[in-house]
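I have placed the structure first, in the form of structure tokens, so that the comments after it can refer back to it.
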Amino acid sequence: MERIVFKQANLFDGEHPTRPGVTVVVEGERIAAVTNGDGPAPDPGDRVIDLAGKTLMPGMYSCHFHTAYHNLGSSPAPLGLDHPPTYLALLAANNVRTLLMCGFTGAVGASAGSDIDATIKAAISDGVIQGPRLMPASRDLVTTGDSVDSAPWWWQIGAMGGHRVCDGPDEFRKAVREEIKRGAEIIKLYPTGGHGVGLPKEVMALTRAELHAAVDAAHEHGKKVRGHIVSKLGIMESVAAGVDVIDHADSMDAECIEAFLKAGSFVVPSMYYPTRVLEEASKSGAGDQPGMQGLKRDLEHMASMLPEASAAGVKIVVGDDFGTIITPHGDYAKELDVYVRYVGMSPVEVLKWATKNGAELMGMGDELGTIEANKLADLVIVDGDPTVDITVLQDNEKLLAIMKGGQFVKDELGG
């Protein structure tokens with residue numbers, strides 16, 4: 001079997017600072033060897049690529065990914081009803097390919113209507129389209145009058161598109177089971193308001209019984225649950241119920257951090273979208289409005305808590321609401337810079353969130369997320385060093401090669 005031998009790599013292994021002069025050998029779909037120096041002698045027929053100090057790193061993971069979001073904010077239509085399902089599926093196919101070509105070889109769904117996530121995963125697996133490894137999400141499961149259930153009642157909409165209304169534990173339990181039957185591997189709930197939705201963050205949109213019923217039903221089938229959760233009460237109730245992924249967590253404090261660590265919860269801070277909202281509000285002269293000032297306070301609080309959470313060992317991952325009119329698909333790496341520039345995290349730590357932690361959320365930490373012998377070869381080669389300047393990942397021309405399972409999906413290396 002022909003091997004690919006990368007020599008003189010500046011290796012970021014997904015966890016530690018870079019190591020120069022490393023050789024990485026890929027055989028089939030896996031990494032066969034990682035050695036300092038020249039490594040084993042090449043075999044006849046091997047493709048030997050001298051990286052000359054370019055950075056070799058694991059593929060990244062977008063862990064709050066809406067496959068079918070496109071230009072949200074430009075239409076009053078409810079999510080999932082802004083286009084026909086087949087049109088949304090075509091948008092999703094384009095979005096997942098865009099994500100892959102930006103160096104993200106994995107994605108965890110954050111909700112999609114019309115079973116699009118499950119269908120897209122099947123199409124990727126069957127080779128119909130190109131895309132990352134995908135954990136498909138459910139529709140948003142919400143209660144009557146929740147922020148997502150936002151269409152005026154007099155519209156009398158029967159088809160809910162991107163969400164399903166549930167009231168009471170039994171309806172949530174049944175909805176979870178049906179979403180799983182249709183291919184969802186992670187269930188999306190809205191326990192609280194806040195962070196860009198209509199309800200205030202203090203509002204608990206699900207009862208404790210509803211929350212526990214949904215989580216128990218998912219876990220009984222071996223699936224995960226994520227939730228739009230902002231207030232401290234929502235965080236603590238959700239962690240106690242067993243919610244696996246806490247989206248946003250704007251109000252987390254030391255007690256929440258302790259709860260995350262005890263439960264093994266993943267946290268997706270998703271700070272890029274709100275920073276963009278504030279930037280646009282400032283440009284339009286609306287930055288001093290109470291809502292914008294509240295958003296600014298939440299961001300400042302999160303920026304103060306993230307370093308503490310990361311240092312304590314909380315499993316932080318990256319991903320945001322890409323596909324809106326101010327955060328288009330393709331801007332994924334700009335989120336990473338927010339954590340470096342705005343929060344003050346080191347690039348190495350942020351890249352760990354995007355690689356090692358992301359693979360663990362997908363349940364594939366034993367196979368992906370770090371560069372080690374016998375792991376699957378999902379790799380990115382960068383003309384530059386993102387551990388020094390993380391913004392280099394925003395320039396797709398600097399992403400010289402992207403490999404998924406030992407196969408190049410982009411190859412501009414020569415040799």
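The values are calculated or read from the model by the stated rules, or taken from the named source; none is laboratory data. This one's a predicted model, so the numbers in the text were calculated from it and none came from an experiment. Using ideal geometry, Cβ is built from the backbone for each residue, glycine included, and neighbour counts are taken over all protein chains shown. Side chains are part of the model used for accessible areas, which takes the heavy atoms of the whole protein and leaves out ligands, DNA and RNA. Shrake-Rupley method; radii C 1.70, N 1.55, O 1.52, S 1.80 Å.
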Looking only at residues in region 232-277 that are among the aromatic types (Phe, Trp, Tyr) and closer than 18 Å to residue 295 by Cβ, which one is modelled with the highest pLDDT? 272
Counting only residues that are small (Gly, Ala, Ser) and touching a Ser or Thr at 6+ places or on another chain (Cβ under 8 Å), which one in region 319-337 is surrounded by the most Cβ atoms within 10 Å (Cβ to Cβ)? 319
From 248, 301, residue being in contact with a Gly (Cβ under 8 Å, 6 or more places away or on another chain) and not acidic (Asp, Glu): 248
Taking region 178-203 as the search range and keeping residues that are among the charged types (D, E, K, R) and modelled with pLDDT under 90, which one is nearest to residue 140 (Cα to Cα)? 201
Meets criteria (more than 30 Å from the chain's Cα centre (by Cα), under 14 Å from residue 379 (Cβ atoms) and in contact (Cβ under 8 Å) with a residue 40 or more places away in the chain) for residue 31: no
One residue from 189, 206, 141, 100 being crowded, with 17+ Cβ neighbours inside 10 Å, of a type in the set (A, V, I, L, M, F, W, C), closer than 30 Å to residue 410 by Cα and in contact (Cβ under 8 Å) with a residue 40 or more places away in the chain: 100
Please state which of the following conditions residue 383 fails to meet, knowing it meets all the rest: (1) acidic (Asp, Glu); (2) crowded, with 24+ Cβ neighbours inside 10 Å; (3) touching a strand residue (DSSP E or B) at 6+ places or on another chain (Cβ under 6 Å). (2)
Does region 381-415 hold any residues that are in contact (Cβ under 8 Å) with a residue 60 or more places away in the chain and in a helix (DSSP H, G or I), and which are they? 393, 394, 396
Where the second residue is modelled with pLDDT of 95 or more and part of a strand (DSSP E or B) and the first is at positive phi and open to solvent by less than 10 Å² (accessible area, probe 1.4 Å) and lies in region 369-380, which pairs have Cβ atoms under 8 Å and are six or more apart or on separate chains? 369/58; 369/61
